[in-house]
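Each remark here refers to the structure printed beneath this line.
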Amino acid sequence: MCGIVGYVGFRSAREVLIRSLKRLEYRGYDSAGIAIVNGQLNVEKKKGYISNLKVDFDGTIGIGHTRWATHGNPEDRNAHPFVDCRGEIAIVHNGIIENYARLKGELISRGHEFKSDTDSEVIAHLIEEHYKGDFKEAFFKAIKNLEGSFAIAAIHKKERRIMAVKKESPLVVGIGDHENFLASDIPAFLEYTNRVIVLKDGEVCELTDDFARFYTMEGKSIRKRVEYVNWSVEDAEKSGYEHFMLKEIFEQPKALYDTLTSLESRNEWQVDFGRITMVACGTSYHAALVGKYVIEEILQVPVDVYYASEYRHRPEIVEDSMGIFITQSGETADTIAAAKKAKELGYFTLGITNVVGSSITNYVDRVLYTSAGPEIGVAATKTFITQILTLYYFAIKMARIRGRISTRKYHVLRENLRRVPHDVERTLKMNERIMKESEKISRARDVFFIARGVNYPIALEGALKMKEISYIHAEGYPAGELKHGPLALISQGVPVIALVPEDKTYSKMLSNVKEVSARGAYVVGVSPSKDVEKYVDTLLKVPETDPLLSPFVNVVTLQLLAYHTARILGREIDKPRNLAKSVTVE
Ligand code: F6R
């Protein structure tokens, strides 16, 4: 998983490429590089962040790359771009070339010399192998040999054109006036243009100063539609917040409002199914678990939830199920593989994603988009909250269509949902209070999150946020499970964050709070009820809501707790170690 960029026009390619790459650093940041043509082909690439690059050349056409290592360690020689033996062709690649070992063997036997351990380098040599004076033709011939997933951009020393292709890795083109852009994701070039063309699998593009042409991989011309993206550049930048993650936490009321507005304007809901299978990874998996509680409660249809990486090992049981695949990036390899499998089994498949035209949209029958805007912080926040809103809305809508709830109840539930952005707005006012509480948490070695019912997945999500950005060991448990093992881990001063909504879990949660308190835990209650103060060491009093909607205010509280804890510890919040925003490897 990596980010690629390309530019051809009248500006300084060095500046455009570096600025664009910085906006893609969330896709990987273990090495970076750029190649620029200015009569000759110049390449600079280095291990580490983009800021490590020392580029002492410039021109007006070039390509760039930011890497998250898959084949070959993060080292200078494994950084992109890669060049051919003659130093005339440079390529950048995002994805995996599955047949690279065979291709490399063949190319070596024809005299090609390789300098890296990567799968990607074969692409530069393959183009060289087919080059007989026509770069475009050589590019088409070369890509026919590739198996696997790829978004590739290539340039030639003697040509003023960028050739690019997409298959199962994202690629978008930005259209300018006498200039054109290419990137793995829209924010890369948003400061220059908001006119965007999204490539589909198997499509090739040719970019020059004055045109963007599109083809099939067989070379047949195709027409593509230009889309206008209404995100502002500020949407894609930090807007004065210390970190993208904090900015994105504070954008949640708007993200919720936009998502609800978009869902309410949608007409296409009717679909038949007896049960639902939901599949996702990480935070999106937690959204699926919230969805299970809500759908079973409101729609009264059984729901099974699977980690995408596990779903593929499941026996092929054909059932009257609809498959829902949740992925904010739309690029997670495991979730895409699971969607393919479900389709083969004949399921009706629905994708929930935040990225228009992302890969998952090619593999499902129907797509529900969350409207969270670009999320740059690696830790998912606003995409999670809009995923759960989408699942609530789905449950209510389907329950009405199936006559499971009365028209009156339907309107009450929708009204409650419309209040969610406001409830989240009020929760954000607790920021300073949560910041103070984080001081204590930042000194802990372990933190436990407990809850029951629809808030159990929120406890899991709170623990995931805590561990991924603060690096403090954190676990989420169904509170009733403590006595079956985890209670042995509770000792003097260990923080336990207990979610205590005023619903049917209330009294049982208080019993669990007493259990851990009696063993010396430092208990932080998260509850709308002032009464809870009597049982805990400190209370984070969240706004009162309909109890079924309490996950919204609770998750925002836990996101802020994780954020401030990580900030106090001086962590790289937007780019936690070993992680990347979209995980396109299985
Ligand atoms: C954690 C996080 C990850 C993602 C997971 C799936 O904050 O963001 O756990 O949720 O990698 O990603 P998507 O939703 O893009 O499929």
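Residues are listed down the side, and each one gets a yes or a no for (1) of a type outside the set (Val, Ile, Thr); (2) not in a helix (DSSP H, G or I):
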{"residue": "ASP304", "(1), (2)": "yes, yes"}
{"residue": "GLU310", "(1), (2)": "yes, no"}
{"residue": "GLU316", "(1), (2)": "yes, yes"}
{"residue": "PHE325", "(1), (2)": "yes, yes"}
{"residue": "ALA338", "(1), (2)": "yes, no"}
{"residue": "VAL355", "(1), (2)": "no, yes"}
{"residue": "VAL367", "(1), (2)": "no, yes"}
{"residue": "ARG404", "(1), (2)": "yes, yes"}
| Residues that are at pLDDT below 95 and open to solvent by 10 Å² or more (accessible area, probe 1.4 Å), drawn from segment 113-147 | ASP117
| request: Taking PHE394 as the residue in question, decide whether it is of a type outside the set (S, T, N, Q), touching a residue at least 24 places away in the same chain (Cβ under 8 Å) and under 28 Å from VAL318 (Cα atoms). | output: yes
| query | Regarding LYS436, is this residue assigned by TED's automatic domain parsing to the domain that holds VAL271 and open to solvent by 30 Å² or more (accessible area, probe 1.4 Å)? | reply | no
| note | Being at pLDDT 90 or above, closer than 20 Å to GLN270 by Cα and away from the ligand (no atom under 11 Å from the Cβ) narrows PHE325, PHE348 down to just PHE348
| Restricting to segment 467-493, what's the tally of residues that are within 11 Å of the ligand (Cβ to nearest atom) and in contact (Cβ under 8 Å) with a residue 12 or more places away in the chain? | 2
| request: Name every residue in segment 402-413 that is in contact (Cβ under 8 Å) with a residue 60 or more places away in the chain and surrounded by 14 or more Cβ atoms within 10 Å (Cβ to Cβ), in order of residue number. | output: ARG404, ILE405, LEU413
| query | With respect to VAL378, is the statement that it is touching a helix residue (DSSP H, G or I) at 6+ places or on another chain (Cβ under 8 Å), within 16 Å of the ligand (Cβ to nearest atom) and over 26 Å from LYS238 (Cα atoms) true? | reply | no
| query | Any idea how many residues of segment 189-205 are surrounded by fewer than 19 Cβ atoms within 10 Å (Cβ to Cβ) and not in a loop (DSSP other than H, G, I, E, B)? | reply | 1
| What pairs can you find where one residue is in segment 285-303 and within 18 Å of PHE552 (Cβ to Cβ), the other is basic (Lys, Arg), and their Cβ atoms are less than 7 Å apart, with a gap of 6+ or different chains? | none
| note | Matching residues in segment 290-304 (within 20 Å of LYS397 (Cβ to Cβ), in contact with a strand residue (DSSP E or B) (Cβ under 7 Å, 6 or more places away or on another chain) and open to solvent by 10 Å² or more (accessible area, probe 1.4 Å)) number 3
| query | Considering only strands (runs of 3 or more DSSP E) fully contained in segment 450-543, which possess at least 3 residues that are open to solvent by 30 Å² or more (accessible area, probe 1.4 Å)? | reply | 473-478
| Residue that is farthest from GLY377 (Cα to Cα) [pool: residues in segment 261-277 that are open to solvent by 10 Å² or more (accessible area, probe 1.4 Å) and in a helix (DSSP H, G or I)] | GLU264
| said: Against the condition within 11 Å of the ligand (Cβ to nearest atom) and in contact with a helix residue (DSSP H, G or I) (Cβ under 8 Å, 6 or more places away or on another chain), how does THR370 come out, does it pass? | reply: yes
| query | Is it true that THR383 is farther than 14 Å from LEU260 by Cβ, within 16 Å of the ligand (Cβ to nearest atom), of a type in the set (Ser, Thr, Tyr) and open to solvent by less than 10 Å² (accessible area, probe 1.4 Å)? | reply | yes
| Taking segment 386-422, which residues are more than 25 Å from the chain's Cα centre (by Cα) and under 12 Å from LEU256 (Cα atoms)? | ARG418, ARG419, HIS422
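The values are calculated or read from the model by the stated rules, or taken from the named source; none is laboratory data. Because the structure is a prediction, the values reported are computed rather than measured. Neighbour counts are summed over all protein chains in view; Cβ atoms, including those assigned to glycine, are modelled from backbone coordinates with ideal geometry. Note: areas computed on protein heavy atoms with side chains; ligands, DNA, RNA excluded. Shrake-Rupley method; radii C 1.70, N 1.55, O 1.52, S 1.80 Å.
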